[in-house]
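Everything on this sheet refers to the single structure shown next.
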Amino acid sequence: MISHLSRPCFETACRAGAGSQRMHSGKTSRTATCSCRGVELVLAGEPRRVYACSCLECQRCTGTAFSYRAIYADSALVGQKGETRSWRRTGSSGQWLEQTFCTTCGSVVFMRAEALKDALSVSVGCLEDPEFPAPDHAPLACPKA
């Protein structure tokens, strides 16, 4: 039997009202960087959704109690530099998830998933924005994907 904590819930975060999160900082672009600053993503516009997930997979990926991420359309990625690597696994739903990290420091900067069509999920801590909004979706239990 699979625990509810073993199922990633970003799929629900994506489906539960894309575009409903509005930023209040007035920024039209943001830059995400890894810990060593070797990888940089430039993102235009606002994310579709901001979420936190405490499933076991997100805990393993981040090394902490939960992930805090923002879903952006692929078209929002207007610049990328630095060397990254990715690793892919199959989730409990049977769909793939792919984490992308800096080859130097190992920071996970973003992820893609089969359930996130034409989108990427950026680690909010990489954005270094103290005014970034809190997650608008943070389930206590992850629904079955």
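Rule-based calculations on the coordinates, nothing more; no lab input. It should be emphasised that the depicted structure is a prediction, and the values quoted were computed from it without experimental measurement. Here Cβ is always computed from backbone atoms with ideal geometry, including for glycine, and neighbour counts include all displayed protein chains.
Can you bin the range 63-135 into rounded, prolate or oblate? Criterion: square roots of the alpha carbon gyration tensor eigenvalues sorted a ≥ b ≥ c, rounded for a/c under 1.5, prolate for a/b above b/c, oblate for the rest. Taking the square roots of the gyration eigenvalues as a ≥ b ≥ c, the range 63-135 is rounded.
Phi-derived couplings, Karplus 6.51 cos²θ - 1.76 cosθ + 1.60 at θ = phi - 60°, listed residue by residue for the range 36-42: 8, 6, x, 10, 9, 10, 10 Hz, with x used for Gly and Pro.
For T33, the shell of other residues with beta-carbons less than 9 Å away shows a net charge of -1, using +1 for Lys and Arg and -1 for Asp and Glu. Under 5 Å from the amide H of L77 lie the amide H atoms of A44, each residue being 5 or more positions distant or on a separate chain, with H modelled from the backbone and absent for Pro and chain starts.
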